[in-house]
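Please read the structure below before turning to the comments.
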Amino acid sequence: MSAPVTETVAFRMNMNPGQAETYRRRHDDIWPELSQALLTAGVIDYRIFLDPESDHLFAVMTRRVDHTLADLPGTDVMQRWWAMMADIMQAGPDNVPVQVNLAPVFHLRAPGP
C-alpha cells in the first residue's frame, strides 16, 4: 500500500461575539493572493464552520502531506490578513488566531478505488 498524499486536520478558533457577518464578508472577499498562497503551500480543501451559539469557528483542512504551511506566517500576505482579522477574533499579541487542534474520533468513508 502506498503512503497517503493528503491529510485532513481540524481546529477550533474563537470569533468575538457579534462578528459573524463581518467574518463571513471578509472571507467572501478573501484576497486572491492569500488564496493562491494557501493553495501553493499545499491546501487542497479548506472549510470553516460557525457555531453561532458559542462563536466557535471549526476549520477542516485537507492538505498535501508535503505541505509548506509553516512558511506562511513569515509572508507579508499572511501577516496583513491576520492583522485585519485580529479585531473580530481571539488572537495572540502577534495577531495569530488562537487555534486549538481537534483530535479525530470518527471517520466514515465511502468505499471506492
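Annotations for the structure displayed:
- Normalising by residue count, the chain has a Cα convex hull of 137 Å³ per residue.
- Site pair Ser35 and Val98 shows an inter-label distance of 3.1 nm when each label is modelled 7 Å from Cα along Cα→Cβ.
- The local environment of Trp81, defined by Cβ-Cβ distances under 11 Å, has a net charge of 0 under the rule Lys, Arg +1 and Asp, Glu -1.
- Estimated at 0.36 nm per residue, the fully extended path between Arg80 and Asp28 surpasses their Cα-Cα distance by 17.1 nm.
- Which of His56, His27, His67 has the fewest Cβ neighbours within 10 Å, and the rest in rising order: His27, His56, His67
- Surrounding net charge for Gly18, when Lys and Arg each add one and Asp and Glu each subtract one, Cβ distance under 15 Å: -2
- In a fully extended conformation the segment linking Phe58 and Asp71 would gain 2.4 nm over its present Cα-Cα distance, using 0.36 nm per residue.
- Label separation (Ala20 vs Thr6): 2.9 nm, computed from points 7 Å beyond Cα along the C-beta direction.
- Across the stretch 6-92, the mean sequence separation of Cα contacts (distance under 8 Å, 6 or more residues apart), normalised by length, yields a relative contact order of 43 percent.
A short reminder: the numbers here are calculations on the coordinates, not readings from a lab. Note that the structure is a prediction, hence the values are computed from the model and not measured. Backbone-built Cβ (ideal geometry, glycine too); neighbour counts: all protein chains shown.
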